[in-house]
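Chemist: The following block contains the structure, expressed as structure tokens.
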Amino acid sequence: MYEWHWHIEWQTPYEFHGHAITKVIAEEKTPYQRALLVELARFGKALILDGKIQSTITDEFIYHEALVHPLLLSINNPEKVLILGGGEGATLREVLKHKTVKNAIMVDIDPIVIDFAKKYLQEWHQGAFDNPKSKLVIDDGYKFIRETKETFDAVLIDLTDPIKDSPSQMLYTKEFYEEVKRISRWGIVTQATSPSFSLETFSIIYNTIKQVFKKVSAGIVYVPAFDGLWGFVYASDIVNPVEVNKEEVNNRIKERIEGGLRFYDGETHITMFSIPKHIREVLEKENRISTRENPVAVPA
Ligand code: SAM
């Protein structure tokens with residue numbers, strides 16, 4: 001019964017979660033990362049990069065809705081949105097649900113992961129790459145931000161975790177957030193790793209962003225396939241998702257989103273931003289900052 005192949009995912013140097021694999025769909029070593037597409041016995045199809053599950057078909061909607069909608073719904077009529085990373089195309093899919101969005105630009109460093117997504121992750125992108133409002137750019141997000149002359153209503157940062165020396169590590173630094181602020185009119189959001197497995201990483205990312213933006217909020221969700229809580233940081237000088245009440249979230253979803261949501265609504269909004277006391281205390285006390293000289297990294 002237990003003669004499976006296993007995906008062993010290290011969350012800290014002291015613990016892992018094992019997922020039984022029923023099928024390996026594709027595998028490739030790209031110039032940037034090791035990409036693996038599998039079927040997991042419990043969660044179905046899953047994209048794994050450098051040994052870390054990025055998302056699974058069963059619960060990807062939790063992560064992607066939580067990343068995209070609190071920020072976009074706190075902004076007046078977002079029209080032009082930039083996504084950094086976002087390989088699967090599911091962040092792009094969620095952005096395109098906003099009726100006001102006219103241009104969604106996605107910048108991912110890895111063309112092989114994008115090809116994987118286009119070929120095998122139809123359930124994630126649901127045709128988003130072919131939408132006339134979408135533009136895909138293959139580039140390093142940091143380089144793109146430095147060189148672009150454009151500005152964007154919102155910047156959504158959907159990168160791999162800051163693994164030491166990985167292509168995304170420098171995109172969790174104060175210097176990077178300062179560059180992003182320059183090109184974002186209303187605000188930004190980033191995935192910020194797991195408060196369950198690396199509360200330290202989460203709180204350092206939160207505190208780093210606090211040095212750059214005036215209004216900064218942390219949100220958390222539970223993602224079953226990640227086997228823990230997942231954190232996001234929303235930041236702006238103008239708006240704050242936390243200041244939008246439950247009824248207003250529901251009104252805005254009704255008015256502004258096409259295609260429906262499965263996870264995020266007024267009720268979920270309250271739970272996402274109701275951070276338990278012990279986590280709040282860590283966030284409030286954090287005084288370390290991630291910089292290019294001393295960038296934050298996940299423990300495993
Ligand atoms: N849900 C996610 C997780 O669990 O970490 C992130 C999803 S998404 C697949 C992450 C994407 O970030 C990948 O497609 C990867 O190629 C991209 N990426 C990593 N470093 C990058 C960089 N410097 N610039 C642009 N994209 C980058």
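Chemist: Let me know the Rg and Dmax you get for the chain when you use only its Cα atoms, in Å.
Modeler: Cα only, the chain: 17.9, 57 Å (Rg, Dmax).
Chemist: How big is the charge dipole of the stretch 55-105 about its Cα centre, in debye rounded to the nearest 20, if each Lys and Arg gets +1 on its Cβ and each Asp and Glu gets -1 on its Cβ? Write out the running numbers ahead of the final one.
Modeler: Values: 5 positive and 6 negative charges, 65 e Å.
Around 320 debye, computed over the stretch 55-105.
Chemist: Something else: Compute the separation of the alpha-carbon centres of the stretch 212-228 and the stretch 156-188 and state it in Å as a whole number.
Modeler: 15
Chemist: Taking the Cα centre of the chain as the origin, how large is its charge dipole in debye, to the nearest 20, when only Lys and Arg (+1) and Asp and Glu (-1) carry charge on their Cβ atoms? Can you show the working numbers first?
Modeler: On the way: 36 positive and 43 negative charges, 142 e Å.
In debye, rounded to 20, the chain gives about 680.
Chemist: Among S184, S198, S274, which one shows the highest mean-square fluctuation when the chain is modelled as a Gaussian network with alpha-carbon springs under 10 Å?
Modeler: Of S184, S198, S274, the most mobile in the Gaussian network model is S274.
Chemist: Taking the Cα centre of the stretch 5-56 as origin and charging only Cβ (+1 Lys, Arg; -1 Asp, Glu), how large is the dipole, in debye to the nearest 20?
Modeler: Numbers: 6 positive and 6 negative charges, 23 e Å.
Around 120 debye, computed over the stretch 5-56.
Chemist: How large is the accessible surface per residue of the chain, computed with a 1.4 Å probe and reported in Å² as a whole number?
Modeler: Per residue, the chain has an accessible area of 44 Å².
Chemist: Take the alpha carbon gyration tensor of the stretch 5-56, find the square roots of its eigenvalues, order them as a ≥ b ≥ c, and report rounded if a/c is under 1.5; if not, report prolate when a/b exceeds b/c, else oblate. Spell out each step's value before the answer.
Modeler: Working: a/c = 2.00, a/b = 1.07, b/c = 1.88.
Oblate is the answer for the stretch 5-56, as a/c is 1.5 or above yet b/c matches or exceeds a/b.
Chemist: On the protein heavy atoms, probe 1.4 angstrom, tell me the percent of accessible surface of the chain carried by carbon and sulfur.
Modeler: Details: 6410 of 13150 Å².
Ligands and nucleic acids excluded, carbon and sulfur reach 49 percent.
Chemist: Rounded, prolate or oblate, given the Cα gyration tensor of the stretch 176-300, with a/c below 1.5 counting as rounded?
Modeler: On the way: a/c = 1.90, a/b = 1.33, b/c = 1.43.
It comes out oblate by the Cα gyration axes.
Chemist: For V107, list long-range residues whose amide hydrogen, built 1.01 Å from N in the peptide plane, is under 5 Å from its own amide hydrogen.
Modeler: I83, L84, G85, V137
The values are calculated or read from the model by the stated rules, or taken from the named source; none is laboratory data. Note that the structure is a prediction, hence the values are computed from the model and not measured. Here the Cβ is made from the backbone with ideal geometry for all residues, glycine too, and neighbour counts use every protein chain on show. The area values use the complete protein model at the heavy-atom level, side chains included, leaving out ligands, DNA and RNA. Shrake-Rupley method; radii C 1.70, N 1.55, O 1.52, S 1.80 Å.
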